[in-house]
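To keep things clear, I will list the structure first and then write my remarks on it.
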Amino acid sequence: MSKTMQAAFVKAPFEVECREVPIPTVKEGWALVKVKACGVCGTDMHIARSEATQWQGFGHEVAGIIAEVGPGVKNVKEGDTVVLESSSYCGVCDQCRNGRVDLCNKAPNFWRKDSMGFADYILAPKECLVPFNNLSFEVACLAEPLGVALDMTYTADIALGNDVLVLGLGPIGLMSIPLARLKGAGRIYAVNRSGGKRTELARAYGADEILSSMDAAVFRKGGVDRALVSAPPSTITQAMKVMNYGGIIAFIGIEYGPGATISFDANDFHFKKTQLRASHASPAIYYPTVLQLLQDGHFDGEAIISHVMPLDQIGEAIRIMRDSREDVLKIVITP
Ligand SMILES: [Zn+2]
Ligand SMILES: [Zn+2]
């Protein structure tokens, strides 16, 4: 094994660089993973746009092969194919002991290390390593965003026959469409202003109606029972207006600046008994379920991968994501 590897680093705004760096050394409780696929995520775009004030490694939707395990790593061995939980739980804090591992973020993780998933190798703690079989690496690395979409779908508590509105057709919103269908949604409405690949995939994934705007929206029950919002926070206000009595809105998103503050009619909220719930799949706890969905073909992973690109084109991948959103679904980097 050569002692150096290629790794990508990012600095805001939108500067990306591949460098030759030392391969990380394993330590107790950690394993070295040969990265075979790493998805480009909206979070990477936030990092590239403004978060990375200094050069930093990035890429967290990782599938690969265990290259070496450190002392004390028993759950995987060299040669195992794994996906990486982007964050895990510790098992010993109060939240974990109270059975709410979903509220823990205290486990060791691979964030903010020198390099991350856009590299030939990544060092990861044993808690994050989830073995898988019978999937390509490109599809397996979808486990991370699919888990995020599943968390949003669970948060909305979709019941049989519920009409569901999907606001935001990035990968998370798109992925939530077949999940909502599996949960028994009645009619699924998705909103997308322009056509393009996102609209096509929304249909292919089972959306019954694509609405060009919320203003023109007509719903068969007058409104919708559930809303899955993975769009800017202002969209919550739009969803509020079209919820049926007892409706539930699940929201996932990060916004900076004034757009992070919203207002809505609290009387309407009260009388309609609307529920507004936040989804945040950190820790990422649904990998066994999403890997099963991918393996069984209940979720078509191939369909959402629009680009597969080598590591040295990561800068180009970020630019494509920024400049031609409508024609980009999921970009997977294969180091
Ligand atoms: Zn992600
Ligand atoms: Zn914990």
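The values are calculated or read from the model by the stated rules, or taken from the named source; none is laboratory data. Worth saying up front: this structure is predicted, and the values here are computed from it rather than measured. FYI the Cβ positions are ideal-geometry reconstructions off the backbone, even for glycines, and counts take in every protein chain you see. The protein model used for the area step is the full one, side chains on, heavy atoms only, and it has no ligands, DNA or RNA in it. Shrake-Rupley method; radii C 1.70, N 1.55, O 1.52, S 1.80 Å.
See the values below:
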{"read-out": "Alpha carbon centroid spacing (whole Å) that separates segment 245-269 from segment 156-170", "value": "16"}
{"read-out": "Carbon and sulfur %, accessible surface of segment 210-335 computed with the full protein complex present, 1.4 Å", "value": "51"}
{"read-out": "GNM flexibility winner over the chain from I188, I252, I262 (Cα, springs under 10 Å)", "value": "I262"}
{"read-out": "When each of K126/K183; K3/K34; K3/K36; K11/K126; K74/K330 is checked by Cα-Cα distance, pairs over 22 Å", "value": "K126/K183; K11/K126; K74/K330"}
{"read-out": "Interchain or long-range residues, amide H under 5 Å from A31's placed H", "value": "G70, A124, K126"}
{"read-out": "Within the chain, percent of DSSP bridges classed antiparallel, to nearest 5", "value": "55"}
{"read-out": "Computed helical MRE - 222 nm, the chain, DSSP H runs ≥ 4 contributing -39500 (n - 2.57), nearest 500", "value": "-6500 deg cm²/dmol"}
{"read-out": "The chain: relative contact order as a whole-number percent, Cα under 8 Å and 6+ apart", "value": "19"}
{"read-out": "Cross-link reach list, aspartates and glutamates versus K77, counting only Cα pairs under 12 Å and skipping chain neighbours closer than eight places", "value": "E68"}
{"read-out": "Segment 1-46, relative contact order in percent, only Cα pairs under 8 angstrom and at least six apart counted", "value": "27"}
{"read-out": "Relative contact order of segment 147-278, pairs being alpha-carbon contacts under 8 Å that are 6 or more residues apart, as %", "value": "24"}
{"read-out": "Protein accessible area in segment 3-97, 1.4 Å probe - carbon and sulfur %", "value": "49"}
{"read-out": "Rounded accessible area per residue of the chain, 1.4 Å, Å²", "value": "44"}
{"read-out": "Cβ crowding within 10 Å averaged over residues, with 210-219, 45-54 ranked highest first", "value": "45-54, 210-219"}
